[in-house]
Amino acid sequence: MKAREKDMTGEARKKGIEIGAGVLLYIIAWAVTDNWETPGYAETILFLAAYAALSLTTYWEQLKKILKRQFIDENLLMIIATLGAFVVGRHKEAVAAMLFYQIGKFVEELSLGRTKKSIAKFIDIRPEYANLKVGNTEKIIPPQELELRQVIVLRPGEKIPVDCVVTQGSGTVDMKALTGESEPKAVRTGDRLYSGSINLNSVLEARVIRLYNDSTAAKIMRLVENANEKKSDSVHFADKFTKYYTPIVILIALLTVILPPMIFVEAKSEWIYRGLIILVAACPCGLMVSIPMAFLGGIGAASKQGVLIKGSAFLEELTEADTFVFDKTGTLTEGVFHVREIIPHKMEQSELLETAALAESYSNHPIAMSLAEAYGREPDRSRVEDVEEQPGYGVHARVDGKEVYVGNTRMMNRHGIFYQPVTDAGTVVYVAVDGVYAGSILISDVIRDDAYKLLGWMRRKNLGTVMFTGDNEQTAEEVASRLRIESVYAELMPENKVDLLQEFRENQMEGEKLAFVGDGINDAPVLSIADIGIAMGGLGADAALEAADIILMEDEPSRIISAIRIAKATLRSVRQNMVFAIGMKVLLIIMAFFGFVTMQNAIIADMIVMLINILNSFWMLQYPGQGV
């Protein structure tokens, strides 16, 4: 029993107590009135007590909504219907209707709670404790108490409590809960570890680099828990539907009470009763609970695949995206550059590489990393001063007292330096010393194997593809040709990407959606203005978590396929729920008008509709989202 109670939400538990009390009083009222002769007012009081126990919270919620002027909903229908039943002397049916209604609400609260719990289980990444190293001993403390630069000990099988860097040891970690990737990752001294990962097979020591509330696990859990706050058009439709549907139903019930007695011979009380049944039959509980549940299920299924979707709105918009704009470096390509050729001009190859590597030694750009890799030695930064990194151009620094420019053609043109253009495919880094051209270094990137799979799938689905890059036109055309991308825009500055994407959006036809896919670190401005911003490899990248609407937690662009498949399956489930719920409401209202259902029948039918929709929505949690 205790385990079951822990599974309940606070609202579900409160509803369960309310139902228990109401059922007990209902049984007492029924037993007393069936076995003893009681005055009419005594019967009314007994059933009214049971009714009050069942409906107290409903009336309280409705009173708060009246004060906010938001009271036109399913609660209003039930209150009018059951009070009306009391007025016409159908006490038992009034209580029974409210009882079944509250059971339905209980199932709704329980189902939503279970769905959210299932989502949390898929990404159960919050650690419970941390082993803080104090001198030669260890102290177990809550992760929230860890401070920056403290050293923690990670034992096999333990969750990593905060983002940290390995300071001693090597081994493997399981990052499946974060990325959906089942293959363990090898780590060693200097590697970064993300909170929520699991240390598998060796003792590691690590230095804390992020506090618990700023760690990857905490941020991801906040995103998932708040994922349904940004509502989709379908959810808004359900809200608007209820707003207009409720007064229409009340009007139909009122006309049922007034008009037929003028035409037919049945007693007026019979038509009043039928009007009240219409109110009960029209209650849209099944519709209201099933739509958000389907979206929650879709968001949960995506999380299981290592795809974080920030809200149901983005899940719905993803199904409408007809054009995908890709950043090249780090998205379609691995973003790991390697020096392919050194082309000196009046300078030795080794000297040209050393000069470029020293000038770039303070940069963490992938190009700088590739130069450092080719240089093969720890750069002597004491030889470097006055470093100025110019985004979109390159680096300006003083090396051994000489003025050095390392960058692209724009850098050379900006400073009026004559250079010899390189026409080979690849990223070209030009070097000038004291205003004189010293040579160039050709660097190449590798297209991700996964990108071929994604672009091939998009061609089969007739989705538009565009590529943005700051690289030279020849390199861009080569990558676009190999991936068969329709349009390519090269040599773009960061601000050019923003302007170009804005222009694309202005030229969109109504109903079309534009998605931008970037690496989440350098593309934050573009991610934020796209209809749907998709960040690649967003694990631990603050820019991605903040700017993107959808985050792929691993560097695998083909996960977009899974996200789209899950989004489409979710929308299919939502539409099925809507058609089924509305169709059954119409049928029940017609049957109520002709007297074919009682008040209890109507509310039980609504519960059955709701349960079928809940099961259809809950199925989304198990949706695989894989395949092409």
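Please work out which residue is modelled with the highest pLDDT, limiting yourself to region 100-143 and to residues that are within 25 Å of the chain's Cα centre (by Cα), surrounded by fewer than 21 Cβ atoms within 10 Å (Cβ to Cβ) and closer than 18 Å to L193 by Cα.
In this case the residue turns out to be E128.
Working only within region 165-201, note down all residues that are among the polar types (S, T, N, Q), modelled with pLDDT under 90 and either assigned to a strand (DSSP E or B) or surrounded by fewer than 16 Cβ atoms within 10 Å (Cβ to Cβ) (or both).
As a first pass, look at region 165-201 and keep what is among the polar types (S, T, N, Q): 167-168, 170, 172, 179, 182, 189, 195, 197, 199, 201.
After this cut, where a residue has to be modelled with pLDDT under 90 as well, the list is 179, 182, 195, 197, 201.
S182, N201 - these are the residues of region 165-201 that are among the polar types (S, T, N, Q), modelled with pLDDT under 90 and either assigned to a strand (DSSP E or B) or surrounded by fewer than 16 Cβ atoms within 10 Å (Cβ to Cβ) (or both).
How many residues are among the β-branched types (V, I, T), part of a strand (DSSP E or B) and more than 16 Å from P127 (Cα to Cα) if we restrict to region 202-213? Walk me through how you get there before you give the answer.
As a first pass, look at region 202-213 and keep what is among the β-branched types (V, I, T): 203, 208-209.
When the remaining residues are screened for being part of a strand (DSSP E or B), the result is 208.
Filter again for more than 16 Å from P127 (Cα to Cα), leaving none.
Qualifying residue count for the region: 0.
Does V257 satisfy the criteria of being assigned to a helix (DSSP H, G or I), open to solvent by 10 Å² or more (accessible area, probe 1.4 Å) and more than 30 Å from K176 (Cα to Cα)? Can you show your working first?
Working: assigned to a helix (DSSP H, G or I): yes; open to solvent by 10 Å² or more (accessible area, probe 1.4 Å): yes; more than 30 Å from K176 (Cα to Cα): yes.
Yes, satisfied.
For region 78-99: of the residues being charged (D, E, K, R) and closer than 24 Å to L251 by Cα, which is surrounded by the fewest Cβ atoms within 10 Å (Cβ to Cβ)? Break it down stepwise before answering.
Initial filter on region 78-99 (charged (D, E, K, R)): 90, 92-93.
Right, trim to closer than 24 Å to L251 by Cα and you get 90, 93.
On the way: R90: 21, E93: 23.
Among those residues, the one meeting the criterion is R90.
Are any of the residues in region 445-455 more than 21 Å from D519 (Cβ to Cβ) and either open to solvent by 10 Å² or more (accessible area, probe 1.4 Å) or not charged (D, E, K, R) (or both)?
Here is the first cut: in region 445-455, the ones more than 21 Å from D519 (Cβ to Cβ) are none.
Checked against the condition, which is being more than 21 Å from D519 (Cβ to Cβ) and either open to solvent by 10 Å² or more (accessible area, probe 1.4 Å) or not charged (D, E, K, R) (or both), region 445-455 yields no hits at all.
The values are calculated or read from the model by the stated rules, or taken from the named source; none is laboratory data. Bear in mind the structure is a predicted one, so any value in this text is a computation, not a measurement. Virtual Cβ from ideal backbone geometry, glycine too; neighbours counted across all protein chains shown. Surface areas here come from the heavy atoms of the whole protein model, side chains and all, with no ligands, DNA or RNA. Shrake-Rupley method; radii C 1.70, N 1.55, O 1.52, S 1.80 Å.
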